[in-house]
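Everything below concerns the one structure shown next.
What follows is calculated from the coordinates using simple rules that are stated; it is not laboratory data. On a predicted model such as this, the values are computed, not experimentally measured, just so you know. Don't worry about glycine lacking a Cβ; one is built from the backbone with ideal geometry, like all the others, and counts go over all protein chains shown.
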Amino acid sequence: MRKDMLTIGAFAKACRLSPKALRLYDELELLKPSRVDPDTGYRYYAVEQLERARLVAWLRRLGMPLARIRQVCALRPADAAREIRAYWAQVEVETAARRDLAAFLVDQLVAAPRKDTTMLELHYCARSDRGRVRPANQDTAYAGTRLLAVADGCGPAGAPASSAAVEALRFLDAAELPAGNVLNLLEEAVRGATEAVRDATNGTEESGTTLTALLWTGSRLALVHIGDSRAYLLRDGALFRITHDHTVVQSMIDEGRLTAEEAASHPERMLLLKALSATAPATPDLRLQDTEPGDRYLLCSDGLSRVVPDARIRHLLASAPAPDAAVHALIDAANDAGGPDNVSCVVADVVERAA
């Protein structure tokens, strides 16, 4: 063996990458060993490989996805520096958005109940579109005086599943809301929606639906959410996502095993952990949302959120003069991005009721 060769253990210590990481980077052809013993399979690295290994280690500490690290390592130093600068600018934008969301949630938790007597109401619009690729539309979107809902069906009976889920909630639009806990009412309604989905799909295991809905109480909104359809709030020009995706890749992001950028191309990005289905009862997320005049809410299926970046969604929501214009602009944006899936949007504005 050459004197300038290092064992995998010595190389790992020198570059501050674990032997496990080095073996992974070898498999990914990101950092190949200089020599592999044909009999033992033991890896050896040349001293001159340390510089690249340290760069890989530093970039991983920045949170850069492996695919992007491979691109950076193939560039000349000046171009690599430019790419790292661009990546970090993107991270700062995403961090600022999370910081704003954290501040918003803190304010929501400590805010005093509203004491004024301003009467509020919703102005709303709902629309569902087949998109450019799918042969049929399995989404359902609904907006009424009190109820806003989006459901995204999946499987052979996806269309009747999403329709049944929303239909099971529509009585809330006309019913007098009880003085008690409105979240209990929503939870009961979701149990009814689960039974409706079971009937609509004839117990088909492969079929089900997401469900994201908001119920207006006159001053607040009650949220129920299951799956990967989403709810957003636009307030004072800032966009906040107020739901959490129930997906495999989101759980991996939460555990630190994936970055958001890596999740976007992950082969299991559409695999749900929760949905309304005939065979797998699941507990939905339930919460109350305080509202302010001027708030604009968006419910959408993943046919929008998977292809239109949040920054673009924010711009379209903020620039549209009314909910109907916002809905049409968002669906057009999804279709302009290829329309790979059905896309449904509900937009509602919280406004002061005219005297």
- Query: Taking Cα centroids, how far is segment 148-185 from segment 30-100 in Å?
  - Reply: 47
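Sorted from fewest to most neighbouring beta carbons within 10 Å, what does the list Phe11, Phe240 look like? The partial results should precede the final answer.
On the way: Phe11 24, Phe240 20.
Fewest-to-most ranking of Phe11, Phe240: Phe240, Phe11.
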- From the residues Tyr142, Gln49, Gly131, which one has its Cα farthest along the dipole of the chain in the positive direction, the dipole being from +1 and -1 charges on Cβ of Lys/Arg and Asp/Glu about the Cα centre? Gln49
- What residues have an amide H closer than 5 Å to that of Asp139, excluding those fewer than 5 places away on the same chain, when H is modeled at 1.01 Å from N in the peptide plane? Gly153
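What is the order of Lys274, Lys20, fewest Cβ neighbours within 10 Å to most? Present the calculation step by step, with values, prior to reporting the outcome.
Numbers: Lys274 21, Lys20 9.
In increasing order of surrounding Cβ atoms, one gets Lys20, Lys274.
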- Query: Taking H as built 1.01 Å from N, whose amide H comes closer than 5 Å to the amide H of Arg287, not counting residues under 5 places away?
  - Reply: Leu223
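Using the number of other C-beta atoms within 10 angstrom as an exposure proxy, rank Glu205, Glu94 with the fewest first.
Numbers: Glu205 11, Glu94 14.
If I rank by nearby Cβ atoms, fewest first, I get Glu205, Glu94.
Looking at the calculated P(r) for segment 118-352, what percent of the C-alpha pair distances fall above 22 Å?
Working: 13494 of 27495 pairs.
I get 49 percent for the Cα pairs in segment 118-352 exceeding 22 Å.
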- Label point distance in nm, Met270-Ser251, each placed 7 Å from Cα along Cα→Cβ: 2.0
- Check cross-link reach from Lys32 to the aspartates and glutamates: straight Cα distance under 20 Å, and skip same-chain residues fewer than eight apart. Asp4, Glu48, Glu51
- Message: Can you give me the C-alpha center-to-center distance between segment 232-275 and segment 314-355, rounded to a whole angstrom?
- Response: 21
- On alpha-carbon atoms, Rg over Rh for segment 5-88 using Kirkwood Rh? 0.99
- Message: Using a Cα-Cα cut-off of under 15 Å, which aspartates and glutamates could be cross-linked to Lys20, ignoring same-chain neighbours fewer than 8 residues away?
- Response: Glu29
- Message: What do you get for the angle between helix 182-201 and the principal long axis of the chain? Use alpha-carbon atoms, 0 to 90 degrees, nearest ten.
- Response: 80
